[in-house]
Amino acid sequence: PRKLVMIPGPTPVVRSIQNQMGRETVAFGDLGFINDYKELLKDMKELWKTEGEVFVIAGTGTMAMEMGIANTLKSGDNLLIVSNGFFGDRFIDLAERKGINVDVISSEWGKIVPIEDIEAKLNEKKYDGITVTHVDTSTGVCAPIKEIGEMLKKFPETIYIVDGVCATAAEPEYVDDMNIDILITGSQKAFGVAPGLAIVWAGSKAMEKRKELGRIPEYYIDFDKWLPIMQDPSKYFATPAVNMIWALKESVRIIKEEGIENRYERHSKNAKAMQAALEAMGFTLLADKDHRAVTLSNVLYMEGVNDLEFRKILGEEGVVVAGGLAAYAGKMFRLGHMGNIDIHDMVSTIASIERALYRSGIEVELGKGVGTLMAELLK
Ligand code: PMP
């Protein structure tokens, strides 16, 4: 049977995006391709509203995280890591390896770090950078990126680095307006493209910072190496992922057709409906109600469900979800609901979860989840 991939990335890839990946590959010097790349970069800057730069290169979200750090911080600098979970913590090892001094302020899983606590920490000593994970995929919590950006205006020497891997193209992220210096993401989540591209926006303050650093130890991810190409894609530094660039361009075309604000609203509405349906079936969600992500749900099992068994049955019922991470392994599943999914995908997903619960021997009123979902979507 057809399997819907409802993990928090990669997300379902629609036919028109698949078609771009399936095109005959051309030379990276092809005039048509150069023009497509140029247009994509222009759209990316306009849609995410920055007068700065954007870098779209082959890689993953983790590489984008490294690119953001490597181009704005150096050995001996102080970095404040605001962590709401597993992916927030990923910055610790990443930064420490570069000799950066790291302080971490963490929330309990499922909650956010209060903005007052972040501000208090920033008042204790001078930080050259701060990282915040917009949506931590391990917890399904969404950090108040805009409010943190506002607060950071009091600390103009601190570079604000936002990990948008599980948020970009689903949650509003306006780089300059929100005082974000570096925004990083990947292609495989809310863009609905296959994995393979790292995307980094850098505002003018971040670009200034890059200049001050001089020659950095990293080579492939150096802004200086890529800037000439981003400004003129007919130039060469390292081979661009031709078909992936086309695929992202198609995703951006879809975003423009939908309207980016409409896209944010659709995600919010869908998430509320999916989350109401999951709760109606008797599940609990890990994330605080006030800080829930729109991109995924982190769903705690009720008594009596075996994680591996449940996910195996759910797979047989046609839906793939991800397991919990770290302390939540075996205790929850993670369900993505972002990107270019439609009502058919959502209804099928919830119906499959009902069938899997039923087959797992859990008392469940068949149709209750689907009914709740549809009622919410029709509101
Ligand atoms: N940050 C967040 C919030 C993520 O969800 C992920 C991937 N799940 C990453 C970073 C790492 O991205 P990638 O797996 O593409 O390297």
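Computed 3J(HN,Hα) for the stretch 152-160, one whole-Hz value per residue from the Karplus formula 6.51 cos²θ - 1.76 cosθ + 1.60 where θ = phi - 60°, is 5, 4, 6, 10, x, 8, 9, 7, 9, glycine and proline marked x. Partner aspartates and glutamates whose Cα lies under 20 Å from the Cα of LYS38, excluding those fewer than 8 positions away in the same chain, are identified as GLU24, ASP30, GLU46, GLU51, GLU53, ASP222, ASP224, ASP232, GLU250, GLU257.
Provide the net charge surrounding ASN71, with neighbours chosen by a C-beta distance below 14 Å and charges set as Lys +1, Arg +1, Asp -1, Glu -1. Could the numbers behind the result be given before it?
Values: positive: LYS74, LYS98, LYS205, LYS209, ARG210, LYS211, ARG215, LYS225; negative: GLU53, GLU66, ASP77, ASP128, ASP181, GLU208, GLU212, GLU218, ASP222, ASP224.
Value of the local net charge: -2.
When only alpha carbons are used to place a centre, the stretch 99-131 and the stretch 151-181 end up 15 Å from one another.
Per-residue ellipticity at 222 nm computed for the chain from its helices equals -13000 deg cm²/dmol, with DSSP H segments shorter than 4 residues left out and the rest contributing -39,500 (n - 2.57). The residues LEU152, LEU377, LEU308, LEU296, when put in order of fewest to most other Cβ atoms within 10 Å, stand as LEU308, LEU377, LEU152, LEU296. The residues packed around GLU157, meaning those with a beta-carbon under 12 Å from its beta-carbon, carry a net charge of +1 if Lys and Arg are +1 and Asp and Glu are -1. The local environment of GLN20, defined by Cβ-Cβ distances under 12 Å, has a net charge of +1 under the rule Lys, Arg +1 and Asp, Glu -1.
When a/c is below 1.5 the answer is rounded, else prolate if a/b is larger than b/c, else oblate, so apply that to the chain with a ≥ b ≥ c taken from the square roots of the Cα gyration tensor eigenvalues.
Since a/c reaches 1.5 but b/c is at least a/b, the shape of the chain is classed as oblate.
Taking the Cα centre of the chain as origin and assigning +1 to Lys and Arg Cβ atoms and -1 to Asp and Glu Cβ atoms, the resulting dipole is close to 600 debye. A cut-off of 5 Å between modelled amide H atoms, ignoring neighbours fewer than 5 places along the same chain, links GLU317 with no other residue. Given axes a ≥ b ≥ c from the Cα gyration tensor, I'd like to know whether the stretch 283-365 is rounded (a/c under 1.5), prolate (a/b larger than b/c) or oblate. The shape class here is oblate. Close amide-amide hydrogen proximity is noted between ASP136 and VAL141, ALA143, each under 5 Å apart and 5 or more residues distant or on a separate chain (H modeled in the peptide plane; Pro and chain starts excluded). Under the simplified labelling scheme, the ILE115-GLU212 pair shows an inter-label distance of 2.5 nm, with each label point 7 Å from Cα along Cα→Cβ. Which one, ASP181, ASP30, ASP77, has the greatest fluctuation when you compute a Gaussian network model over the chain with C-alpha springs under 10 angstrom? In the Gaussian network model the winner is ASP30. Within straight-line reach of LYS3, meaning a Cα separation under 28 Å, sit the following lysines at least 8 residues removed in sequence or on another chain: LYS189, LYS249, LYS269, LYS272, LYS312, LYS331, LYS368. Here's the list of lysines a cross-link from LYS126 could span, going by alpha-carbon distance under 30 Å and ignoring same-chain residues fewer than 8 apart: LYS49, LYS74, LYS98, LYS111, LYS146, LYS153, LYS154, LYS205, LYS209, LYS211, LYS225. Among LYS209, LYS249, LYS111, which one shows the biggest mean-square fluctuation in a GNM of the chain, springs joining Cα atoms closer than 10 Å? Highest fluctuation of the listed residues: LYS209.
Take every Cα pair under 8 Å whose residues are at least 6 apart in sequence, average their separation, divide by the length of the chain, and the relative contact order is 24 percent. With both partners inside the chain, how many of the DSSP beta bridges are antiparallel, as a percent to the nearest 5? The antiparallel fraction comes to roughly 50 percent.
Under the membrane-span-like helix rule (DSSP H runs whose alpha carbons stretch at least 20 Å along the helix axis, mean Kyte-Doolittle hydropathy -0.5 or higher), the chain yields 31-47, 242-258, 343-359.
The stretch 326-379 and the stretch 247-313 have Cα centres separated by 9 Å.
Here, each number is a calculation from the coordinates, and none is a lab measurement. Since the model is a prediction, treat every value here as computed from it, not as a measurement. Every residue, glycine among them, receives a Cβ derived from its backbone with ideal geometry; neighbour counts consider all protein chains shown.
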